[in-house]
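**Student:** Submitted below is the structure of interest, expressed as structure tokens.
What follows draws every value from the coordinates through simple rules; no lab data is involved. A quick note: this is a predicted structure, and the numbers were derived from the prediction, not measured. Note: ideal-geometry Cβ built from the backbone for every residue, glycine included; neighbour counts use all protein chains shown.
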Amino acid sequence: MRRFALIALPYAWLLALFLVPFLIVVKISLSDVALSIPPYSPQFSWDEGIGAFLAELDFENFVFLTQDSLYWKAYLSSLFIALVSTVLTLMIGYPVAYGMARASEEWRPTLMMLIILPFWTSFLIRVYAWMGILSQEGFLNQFLLWTGIISTPLTILNTTTAVYIGIVYTYLPFMVLPIYAALDRLDGSLIEAAEDLGCSRLSAFWLVTIPMSRNGIIAGCFLVFIPALGEFVIPSLLGGSGTLMIGKVLWEEFFSNRDWPVASAVAVVLLLILIIPIVLFQRNQQRASEAD
Amino acid sequence: MNSTVFAPWEDPEQKPLIRFQNVTKKFGSFTAIDNLSLDIYEREFFALLGPSGCGKTTMMRMLAGFENPSSGQIELSGRNIVPVPPNKRAVNMMFQSYALFPHLTIWENIAFGLKREGKDKETIATRVHEMLRLTRLERFAKRKPHQISGGQRQRVALARSLAKAPTLLLLDEPLGALDAKLRQDTQFELMDIQEKTGTTFVIVTHDQEEAMTVASRVAVMDEGKLMQVATPDRIYETPNSVYVADFIGDVNIIEGRSRFLEEGQYEIDWAEGQQALHAATSAKFDNGQTCYMAIRPEKITITADRPEAADNCVQGKIHDIAYLGNLSTYHVELPNGTIIKAQTANTRRIARRSFTWEDQVWLSWTATAGVMLAR
């Protein structure tokens, strides 16, 4: 009975804050757009009864998503951008985590602090700061012009490159921390053992360090990939009109077009796409805890 | 000494396999190894013994190539190995933590070194199987390290380090993580394997019993220096200093002043109102020189009556008895407060023990039973 009470609380929480809102979104996605407040119909009313209400729901909006190429292009483009940024974040994050794990004991808390420090400032402000850095007259262009590397300012802001920079910057800590945790636990004598058995430094890294930090790498990749896929703020602030991402499409459906049913359909499909990596992530975490 | 006894260190013609030449190792201002020279011969089972921080692990890590000496030279088969990196040395190490790769199976762990040599699959499979059989691990080949017991892990570590057939195998506290019973069995297993493979073993340990059991020679170290290098029996019977005598086993140390009696015979005046002790030694002592008498408890006889014709004889009262099952150690307090330990085998049942607390007893030993030491 006590066990049931213990589980009941988090489940009630999930039910109230995730499942119920999600079901509402699903319901809206099955409705039709209407000029009313809220802007969709049918509205549920007790007079007509539940049967009549359900009869009016249909999958029209989902069919529409497959007909307009904008949506599947946005999904694909989001997947691609999320994938590439995950790889980039990994390539930058791994050496950072490795350096932190190899740093002397007294330096580690400071390095850890530096990784966490950006969270003390609002995410939005940090993205705005990047606008100031990347714009035509921004710090980066001014610096490059001053050093003489370039003679005309580069166009970075409002391109996909800026989106990559934004995502990599924002999600780097989520990549670094799990990898650092894995590398920190790595027993140094394993590397020595590998060298003792004939490995060069490099092959010891490939054969021991990388496989030993595998769980950290996988966790980091999911932690970057999952939020990056639905990212809205970064592409709309840094990416300009040229960058197509599903988060931005979703925003525009809701607030510019006021087409709540289609926007909800987009959200439901996005969630279905995200369920796959989330399940894989959960399984990885579970396997990691079993191995310990 | 007959010719079949293995003692290459006594043969000046023998070339040592390992030669430390005036090796010094400093970590900052701390001197871990202090101008040390040592020869180790082929097929030896050599033990480096000492308290923690004495430099024994540093010696081993220098042999493996993980540390380089600050000065001096280390030779392996006549070649200076100081500039050779660890992965190019014909030396393998068994780590204290075993350092098994947790993401690989037992089979893959043992094959790890062989694969790095680029051997073909068949050779590797044969060699791994051979190692599995040697260490009786055939049944566990497919398991991961966390799925086997500590004793089995220890054997995997041994098999892995032996797989490449190294010229020299280093063992860093190999049995430290095992419980006492398993440790004893494993000691004999190690000796068996060492004999079967003919590999030179260098073992680092702080457990003197372990060193005595397995080693052909033992080096007792303290503060980066070698205190004594000799066979286990010599170390035990004829330690060269109070430090070595005290480090190995149980011992009574009696401080006194030497008095020359005749060639090889000395008297030691050691306490007011006590009869001088009589000792035989081949070393030379000056009259009145401070000296120490080291005598093992089991070499002291304990009797109720004064024994006749004993070289040394003192009377005291039993202060304490340590019952060890097979042995009993009596702590006998002399009238001047000195405690002397005497040990006897419990050949009779405990109910019929001859002495008990507060009994007046006589302790006696011969002139050759103890060792007279200058320091």
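**Student:** B:L48: net charge of surrounding residues, Cβ under 13 Å, Lys/Arg +1, Asp/Glu -1, itself excluded? Provide the component values of the computation, followed by the final result.
**Tutor:** Values: positive: B:K56, B:R61, B:R217, B:K225; negative: B:E44, B:D172, B:E173, B:D207, B:E210, B:D222.
Spelling it out: positives minus negatives among the neighbours equals -2.
**Student:** When a/c is below 1.5 the answer is rounded, else prolate if a/b is larger than b/c, else oblate, so apply that to the stretch A:102-225 with a ≥ b ≥ c taken from the square roots of the Cα gyration tensor eigenvalues. Could you put the intermediate results ahead of the total?
**Tutor:** Working: a/c = 2.51, a/b = 1.99, b/c = 1.26.
Because a/c hits 1.5 or more and a/b exceeds b/c, the stretch A:102-225 counts as prolate.
**Student:** Below 8 Å between Cα atoms, with a sequence gap of 6+, how large is the relative contact order for chain B in percent? Before the final figure, lay out each step's value.
**Tutor:** Numbers: 752 pairs, mean separation 53.9, N = 375.
Normalised by residue count, the contact order of chain B is 14 percent.
**Student:** To the nearest Å, what is the center-to-center distance of the stretch A:224-258 and the stretch B:57-124, using C-alpha atoms only?
**Tutor:** Taking the Cα centre of each part, the stretch A:224-258 and the stretch B:57-124 sit 54 Å apart.
**Student:** Now, a different point. 5 Å is the cut-off here: which amide hydrogens, built 1.01 Å from N in the peptide plane, fall below it relative to B:Q96, excluding neighbours closer than 5 in sequence?
**Tutor:** Those qualifying (amide H under 5 Å, at least 5 residues apart or on another chain) are B:D172.
**Student:** Tell me the mean residue ellipticity at 222 nm calculated for the protein assembly as shown from its helices only (DSSP H runs of n ≥ 4, each -39500 (n - 2.57), averaged over every residue, nearest 500). Kindly include the intermediate steps, with their values, before the conclusion.
**Tutor:** Numbers: 23 runs with 285 residues, N = 667.
Rounded to the nearest 500, the figure is -13500 deg cm²/dmol.
**Student:** Show me B:299-311, B:345-357, A:78-90, B:134-146 ranked by packing, highest mean number of other Cβ atoms within 10 Å first. Display every interim value, and only then the final one.
**Tutor:** On the way: B:299-311: 13.7, B:345-357: 9.9, A:78-90: 19.8, B:134-146: 15.8.
Averaged packing, sorted descending, gives the order A:78-90, B:134-146, B:299-311, B:345-357.
**Student:** Something else: Could you pull out the pairs from B:K181/B:K317; B:K121/B:K142; B:K25/B:K181; B:K56/B:K299; B:K26/B:K164 whose alpha carbons sit more than 25 Å apart here?
**Tutor:** Details: B:K181/B:K317 36 Å; B:K121/B:K142 17 Å; B:K25/B:K181 37 Å; B:K56/B:K299 31 Å; B:K26/B:K164 31 Å.
Cα-Cα > 25 Å for B:K181/B:K317; B:K25/B:K181; B:K56/B:K299; B:K26/B:K164; rest within.
**Student:** Here's another thing I want to ask about it. If we restrict to alpha carbons, what Rg and Dmax does the protein assembly as shown come to, in Å?
**Tutor:** 38.3, 127
**Student:** Given a 10 angstrom Cα cut-off, can you work out which residue in A:D32, A:D196, A:D184 is the most mobile in a GNM of chain A?
**Tutor:** A:D196
**Student:** Something else: ³J(HN,Hα) across the stretch B:256-270 via Karplus (A = 6.51, B = -1.76, C = 1.60, θ = phi - 60°), whole Hz, x for Gly/Pro?
**Tutor:** x, 10, 7, 9, 5, 10, 7, 3, x, 10, 9, 9, 10, 7, 10
**Student:** Would you tell me the mean number of C-beta atoms belonging to other protein chains that fall within 10 Å of each C-beta in A:185-192, as a whole number? Provide the component values of the computation, followed by the final result.
**Tutor:** Details: counts 0, 0, 6, 2, 8, 8, 1, 8.
Across the residues of A:185-192, the mean count of other-chain Cβ atoms within 10 Å is 4.
**Student:** For B:83-94, what's the mean count of beta carbons from other chains sitting within 10 Å of each residue's beta carbon?
**Tutor:** Counting other chains' Cβ atoms within 10 Å and averaging over B:83-94 gives 3.
**Student:** Would you mind checking which residues have amide H under 5 Å from B:R296's amide H? H placed 1.01 Å from N; only 5 or more apart, or other chain.
**Tutor:** Counting only residues 5 or more places away or on other chains, the set is B:N252.
**Student:** Right, something else. Starting from the Cα gyration tensor of the stretch B:8-246, take the square roots of the eigenvalues, sort them a ≥ b ≥ c, and report rounded, prolate or oblate (rounded when a/c is under 1.5, otherwise prolate if a/b is larger than b/c, else oblate).
**Tutor:** The shape class here is prolate.
**Student:** Normalised by the residues of chain A, what does the relative contact order come to in percent, with Cα pairs under 8 Å and at least six apart? Mind dumping the intermediate values first?
**Tutor:** Values: 308 pairs, mean separation 78.4, N = 292.
Contact order relative to length: 27 percent.
**Student:** Turning to a different aspect of this structure: Ranked by Cβ crowding within 10 angstrom, fewest neighbours first, how are A:W251, A:W206 ordered?
**Tutor:** Details: A:W251 17, A:W206 12.
Least to most surrounded, the residues fall as A:W206, A:W251.
**Student:** Residue by residue through the stretch B:215-223, what is 3J(HN,Hα) from phi via Karplus (6.51 cos²θ - 1.76 cosθ + 1.60, θ = phi - 60°)? Round to whole Hz and write x for glycine and proline.
**Tutor:** Using θ = phi - 60°, the values come out as 8, 7, 9, 10, 10, 8, 10, 8, 6 Hz.
**Student:** Now a separate question. In terms of the Cα gyration tensor, with a ≥ b ≥ c the square roots of its eigenvalues, is the stretch B:1-111 rounded because a/c is under 1.5, prolate because a/b exceeds b/c, or oblate?
**Tutor:** Numbers: a/c = 1.75, a/b = 1.18, b/c = 1.48.
Oblate, since a/c reaches 1.5 and b/c is not below a/b.
**Student:** So, one more: Looking at the protein assembly as shown, what % of its DSSP beta bridges pair antiparallel, to the nearest 5? Please list the in-between numbers first.
**Tutor:** On the way: 61 of 79 bridges.
Percentage antiparallel, nearest 5: 75.
**Student:** For the stretch A:57-81 and the stretch B:29-55, what is the separation of their Cα centres, given in Å?
**Tutor:** 72
**Student:** Something else about it: So if a site counts as exposed when it's one of the GluC sites (Glu not before Pro), its DSSP state isn't H, G, I, E or B, and it has at most 11 other Cβ atoms within 10 Å, what's the longest stretch of chain A without one?
**Tutor:** The longest uninterrupted stretch comes out as A:138-292.
**Student:** Here's another thing I want to ask about it. Taking the beta-carbon count within 10 Å as an exposure proxy, list B:Y41, A:Y180 from fewest neighbours to most. Could the numbers behind the result be given before it?
**Tutor:** Numbers: B:Y41 19, A:Y180 26.
Final ranking by Cβ density, sparse to dense: B:Y41, A:Y180.
**Student:** Under the definition of partner shielding as Cβ atoms of other protein chains within 10 Å of a residue Cβ, what is the mean value for peptide B:99-106?
**Tutor:** Numbers: counts 11, 3, 8, 6, 8, 3, 0, 0.
Other-chain Cβ atoms within 10 Å of each residue's Cβ, averaged: 5.
**Student:** Right, here's the next one. Quick one: which residues, 5+ away or cross-chain, put their amide H under 5 Å from the amide H of B:I203? H built at 1.01 Å from N.
**Tutor:** Amide H neighbours of B:I203, under 5 Å, 5+ apart: B:F46, B:A47, B:L48, B:L171.
**Student:** Starting with the fewest neighbours, write out B:H278, B:H103 ranked by other beta-carbon atoms found within 10 Å of each beta-carbon. Spell out each step's value before the answer.
**Tutor:** Values: B:H278 20, B:H103 17.
In order of increasing Cβ crowding within 10 Å: B:H103, B:H278.
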